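The values are calculated or read from the model by the stated rules, or taken from the named source; none is laboratory data. What you are looking at is a predicted structure, and each value in this text was computed from that prediction instead of being measured. Positions of Cβ are backbone-derived with ideal geometry, glycine not excepted, and every protein chain shown enters the neighbour counts. Remember, those area values only see protein heavy atoms, side chains included, never the ligands or the DNA or RNA. Shrake-Rupley method; radii C 1.70, N 1.55, O 1.52, S 1.80 Å.
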Amino acid sequence: MTDAEYVAGLARKRVVAGAVFRAADGRVLLVEPSYKVNWEIPGGSVEADESPWDGAARELQEELGWEQPVGRLLVVDHVRTQQHRPEGIVFLFDGGVLSDAEVDALRFPDGEIVSAGFYDPTETRRLVKPLLADRIEVALTAASDGSTWFCVNGKPVRAG
């Protein structure tokens, strides 16, 4: 087998990166996309030859006009194949704590996002898909206790 044949046979996974921003009272920043019903956290697909860290920073700049550095890694989530989406790896980084005034000052330069706001856990579960709600909960734990988590389909994997 040649190197080219070997590489051609390797699995391909989609890679997604985003950031979890929160208010001092624990609410989470969600964004309302212009192209679908469910709300999201800021982020999106990582491009070819782009690291997840750089992909998250690029997506934040494109979606929110955000120019600050991305924080530390909170969650890596392996998402199994679902209906119309291939398996993927999701990286969530710490966006930090924002004030309501900072959220009000966000701009949406690419038109992909219609609005953004802070939501409590109950509202978050209502607005986002269950898999994302699970992933956000793990990310909030990681942000509060300094940990980093590996998940499968939004559920933490524990060693042992």
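Details
- Which numbered condition Val103 misses (of (1) closer than 18 Å to Arg27 by Cβ; (2) hydrophobic (A, V, I, L, M, F, W, C); (3) within 16 Å of the chain's Cα centre (by Cα); (4) open to solvent by less than 20 Å² (accessible area, probe 1.4 Å)): (3)
- The numbered conditions (1) out of contact with any strand residue (DSSP E or B) (no Cβ under 6 Å at 6 or more places or on another chain); (2) modelled with pLDDT under 95; (3) surrounded by 12 or more Cβ atoms within 10 Å (Cβ to Cβ) are all true for Arg12 except (3).
- Taken together, the residues in the stretch 26-44 that are in a strand (DSSP E or B) and either free of Cβ contacts under 8 Å to residues at least 12 places away in the same chain or within 13 Å of Gly96 (Cα to Cα) (or both) amount to 2.
- Candidate set from the stretch 106-160 (those that are among the hydrophobic types (A, V, I, L, M, F, W, C), open to solvent by 50 Å² or more (accessible area, probe 1.4 Å) and not in a strand (DSSP E or B)); member that is farthest from Leu60 (Cα to Cα): Ala159
- Test for Glu62: is it touching a residue at least 12 places away in the same chain (Cβ under 8 Å), open to solvent by 40 Å² or more (accessible area, probe 1.4 Å), in a strand (DSSP E or B) and charged (D, E, K, R): no
- Cβ pairs under 9 Å, 6+ apart, first in the stretch 133-155 and within 12 Å of Leu73 (Cβ to Cβ), second assigned to a helix (DSSP H, G or I) and open to solvent by less than 50 Å² (accessible area, probe 1.4 Å): Thr148/Ala142; Trp149/Val138; Trp149/Ala139; Trp149/Ala142
- Failed item, numbered, when Pro69 is tested on (1) loosely packed, with under 12 Cβ neighbours inside 10 Å; (2) more than 22 Å from Ser144 (Cα to Cα): (2)
- Pairing each residue of the stretch 111-126 that is on the phi > 0 side of the Ramachandran plot and modelled with pLDDT of 95 or more with any residue that is part of a helix (DSSP H, G or I) and open to solvent by 30 Å² or more (accessible area, probe 1.4 Å), provided the two are 6+ apart or on different chains, yields no C-beta distance under 7 Å.
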